[in-house]
Amino acid sequence: MAGIDTAVLADWVSRFGAAVAEKRDWLTELDSAIGDADHGANMDRGMSAVGEKLAAGTPATVDELLKTVGMTLVSSVGGASGPLYGTFFLRMGMAAGAVSELDGPALAAALRAGLDGIVARGKAEAGDKTMFDAMAPAVDAFDAALAADSSVADAARAAAEAAAAGRDATLPLVARKGRASYLGERSAGHLDPGAASTAILFDTLADALAGSAG
Ligand code: ADP
Ligand code: MG
């Protein structure tokens with residue numbers, strides 16, 4: 001099996017940035033319903049800054065790459081999503097360590113560490129109507145697929161499907177974290193913007209891993 005090296009991970013990050021730019025207006029529209037209409041702009045600003053950083057060259061090790069992404073997001077995005085996504089990538093990098101590539105279980109452990117970092121930072125629980133509601137099922141699905149002997153590419157596609165289902169399941173929820181929680185019951189009937197961007201994160205991971213990792 002070909003390993004998941006820094007080029008594959010940089011391709012993921014680049015695909016995520018391109019998809020965020022493409023879906024920027026939609027993400028902002030979602031945030032205009034239950035937030036302050038800046039989620040698309042926040043994510044696009046952050047991922048554009050990441051793109052500029054990485055244009056100088058892909059770092060040699062997985063931890064260096066992911067930590068660069070995380071630190072750039074933390075420092076360039078003012079909204080809640082910057083520190084949360086930033087922490088996700090930083091914790092992924094710390095879990096991965098100074099290696100040149102990951103195998104499936106190592107990627108699974110890094111994704112789990114990223115999710116745990118978001119929880120440590122934002123204290124979200126299942127059903128709070130946040131990015132957690134897309135990310136937790138995605139990471140669980142990735143683990144379950146690997147445990148069932150799926151390829152890394154198939155596991156990533158299963159994770160992307162679980163993230164999309166988790167995003168859709170935020171529609172009827174009443175927000176209990178973040179700005180949307182200020183709306184109380186009026187937050188129901190809208191998708192959570194952060195769950196929507198997280199579904200994009202896992203969709204682009206599946207695209208980047210398709211065919212390149214066993
Ligand atoms: P802000 O809310 O500061 O304007 P964004 O609009 O960029 O930041 O991001 C909003 C998204 O952040 C929400 O849709 C939600 O998914 C996520 N979010 C907010 N607070 C939390 C939290 N405590 N834990 C997890 N995710 C959160
Ligand atoms: Mg916002």
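In degrees, nearest 10, range 0 to 90: what is the angle between the Cα axis of helix 104-122 and the longest Cα principal axis of the chain?
30
Grab the DSSP H runs of the chain that are 4 residues or longer, score each as -39,500 (n - 2.57), total them, divide by all residues and round the 222 nm result to the nearest 500 deg cm²/dmol.
Per the formula, -22500 deg cm²/dmol.
If I take every Cα pair under 8 Å that is 6 or more residues apart in the range 4-213, average their sequence separation and divide by the length, what percent do I get for the relative contact order?
In percent, rounded to a whole number, it is 23.
Gain in length, residue 171 to residue 48, computed as 0.36 nm per residue apart minus the alpha-carbon separation, to one decimal in nm? Numbers along the way, then the final one.
Numbers: separation 123, 0.36 × 123 = 44.28 nm, distance 2.85 nm.
That pair, residue 171 and residue 48, stretches by 41.4 nm at full extension.
Using Cα atoms only, what is the angle between the long axis of helix 81-96 and the major principal axis of the chain, expressed in degrees (0 to 90) to the nearest 10?
Once rounded, the angle reads 20 degrees.
Rank-order 4-13, 142-151 by packing density, defined as the average count of other C-beta atoms within 10 Å over each peptide's residues, highest first. Intermediate results must be reported in sequence, preceding the final value.
Details: 4-13: 20.7, 142-151: 16.8.
Going by the mean number of other Cβ atoms within 10 Å, highest first, we get 4-13, 142-151.
Please build a GNM for the chain, connecting alpha carbons under 10 Å apart, and tell me which residue among 81, 32, 187 fluctuates the most.
Evaluated over the chain, the most mobile residue of the options is 32.
What is the spread of the Cα atoms of the chain along each of their three principal axes, largest first, in whole Å?
Largest first, the chain extends 49, 39, 29 Å along its Cα principal axes.
Which angle between 0 and 90 degrees, to the nearest 10, do you get for helix 152-169 versus the longest principal axis of the chain when only C-alpha atoms count?
Approximately 0 degrees, to the nearest 10.
Counting other beta carbons within 10 Å of each Cβ, put 85, 182 in order, fewest first.
In order of increasing Cβ crowding within 10 Å: 182, 85.
Obtain the radius of gyration and the Kirkwood radius of the range 7-52 from its C-alpha atoms and give Rg over Rh. Please report the intermediate quantities before stating the final value.
On the way: Rg = 11.4 Å, Rh = 10.7 Å.
Across the range 7-52, the Cα-based Rg/Rh ratio is 1.06.
For each of 53, 123, count neighbouring Cβ atoms within 10 Å of the residue's Cβ, then give the residues from fewest to most.
Going from least to most buried by this count: 123, 53.
Rule-based calculations on the coordinates, nothing more; no lab input. Predicted model, so just to flag it, every value in this text is computed and none were measured. Note that each Cβ is placed from the backbone with ideal geometry, even for glycine, and that neighbours are counted across all protein chains shown.
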